[in-house]
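J.: Pasting in a structure now, in structure tokens, and then I'll have a few things to ask.
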Amino acid sequence: MLMLEKLKRRLNSKKKSVDIAKLNDYDRRDRDKDQSWWHHPIGNHYAGLFSMALVHSNIPSEDRCHIEIGQHMTFAGVYDGHGGLNISEFLSRTMLYNILESAAKTSDSSLTPEVFLDCFAATDKDAMIYIHRNIEKDPRMLVAGSCCLVGIIFRKTLYIANLGDSRAVLGFVNELNDVVAEQLTRDHNTCRLEVRQDLRSKFPDDDTIVTFERQSYRLKGMVQVSRAFGNKRLKPVESEDPCYISTEPSVIIRKIKYRDRFIILASDGLWDKISVQDAVAIVNKYPKEGIARRLISEALNLAFYDPSFQKYVTCCKWIRSQMRRTLHDDITVIVIFLDIDKIFSDASSSSVVEDITLEGLCKPRPSMRLRGIK
């Protein structure tokens, strides 16, 4: 809060007032100069187009994202880290492999709720081993953790697995021919009353299971989310204390419908600033190319505008790196457009797309992990 007050005083000391009408688009004036950005404006997947972007407030960013393109499957993951980037980076390297490995154990290699439950349990076990091996050289890994949001499009079906407070939002056409939003996931966050009630029912003798500290509810006074990977302090396997934080994902399996248009996968940094309906309206209104970056730009417009001062805070001029975290969180957005004609056409008539792996902050590279999946 002290840094934010210094920033406000500095803004207030500027003699020339800011014309709000001329500064109503952060995307146009400042984004291209801002080194905190990474984006992939547009790309092809087997069932349409996609757009990705992220902007950091932490240095380095604790968010990671990952999309994998195959001839018959599209995989996307958003990993919102906390307490460092160790676990979110670990997930970006292992999550898809673990899902495919868990699916391979089934009789028909299908994606079922049990596959995701098995995968998430195995992944967290691997993450805890990873923490144990590295904690001596990096003690901060004791508190490192990550939310995880996975989206898969395969065989005319959408699969969502969620752990934490990132969100998957569907844009679809309703009976009035309007494009509206459906939030597919529910936040595993202690800010929600039902989450706090659930935790207190599971730990009725623990008065500290949920506390209000640093302007928010927190699990054991540490983290806001009730489900996440990592967080070794909340999973004391060496003692008799219970595991306070869950790694059981919420799984949504939904047949794609003719009225479905696109899916937004984003970390909570976006949803802190923009409602799900506003996000869908933005995606529907503007061109597909660069749409993920535009969503983040709209969030930054709100983050950098202080109504009490009637001024915009343009990040490239006035916001030092250590001040950004007071204004917004790391934000990651993946928008996946659904070409219904492609999805419901015969596989033989589908256009061929390049098999690629694309991770946030990295260039696309060839991929073979989804090759052969039909």
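Bear in mind these aren't lab numbers, they're just calculated from the coordinates by the rules spelled out. All figures in this text were calculated on a predicted structure; none of them were measured in a lab. Because the Cβ atoms are built from the backbone with ideal geometry, glycine has one as well, and the counts that use them run over all protein chains shown.
J.: Under a 5 Å amide H to amide H cut-off, with H placed in plane at 1.01 Å, what residues pair with SER226 once short-range neighbours are removed?
T.: Amide H neighbours of SER226, under 5 Å, 5+ apart: ASN189, THR190.
J.: List every residue whose amide H lies under 5 Å from the amide H of ASP330, counting only residues 5 or more places away in sequence or on a different chain, with H placed 1.01 Å from N in the peptide plane.
T.: Placed amide hydrogens put SER57, ASN58 under 5 Å from ASP330.
J.: While we're looking at this one, here's another question. Residue-wise, which Karplus ³J(HN,Hα) couplings in Hz belong to region 149-155, taking 6.51 cos²θ - 1.76 cosθ + 1.60, θ = phi - 60°, and x for glycine or proline?
T.: 10, 10, x, 10, 10, 7, 6
J.: Same structure, new question: Between VAL210 and residues 5 or more places away or on another chain, which pairs have amide H atoms under 5 Å apart, with H built 1.01 Å from N, and which residues are they?
T.: Sorted by chain and number, the residues that satisfy this are LYS220.
J.: Once the other residues with Cβ under 12 Å from the Cβ of PHE120 are scored (Lys, Arg +1; Asp, Glu -1), what is the net sum? Show your work: numbers first, answer last.
T.: Details: positive: LYS125, ARG227; negative: GLU114, ASP118, ASP124, ASP126, GLU248.
Net of charged neighbours comes to -3.
J.: Let me ask something else about it. With θ set to phi - 60°, apply the Karplus curve 6.51 cos²θ - 1.76 cosθ + 1.60 along region 229-235 and write out the HN-Hα couplings as whole Hz, x wherever there is a Gly or Pro.
T.: Each residue's phi maps through the Karplus curve to give 7, x, 6, 4, 5, 9, 10 Hz.
J.: Once you list every other residue whose beta carbon is under 15 Å from the beta carbon of LYS105, what net charge do they have if Lys and Arg are +1 and Asp and Glu are -1?
T.: Values: positive: none; negative: GLU101, ASP108, GLU114, ASP118.
Residues near LYS105 contribute -4 overall.
J.: Another one. Pairs LYS255/LYS342; LYS125/LYS202; LYS125/LYS235; LYS257/LYS342: which exceed 19 Å Cα-Cα?
T.: LYS125/LYS202
J.: How much FRET efficiency would the formula 1/(1 + (r/R0)^6) give for THR157 and SER275, where r is the Cβ-Cβ distance and R0 is 25 Å, rounded to 0.05?
T.: Working: r = 27 Å, r/R0 = 1.09.
FRET efficiency, THR157 to SER275: 0.40.
J.: Another question about this same structure. Report the local net charge at ASN284: Lys and Arg +1, Asp and Glu -1, summed over other residues whose C-beta lies under 10 Å from its C-beta. Could you put the intermediate results ahead of the total?
T.: Details: positive: ARG261, LYS285; negative: ASP178.
Result for the local shell: +1.
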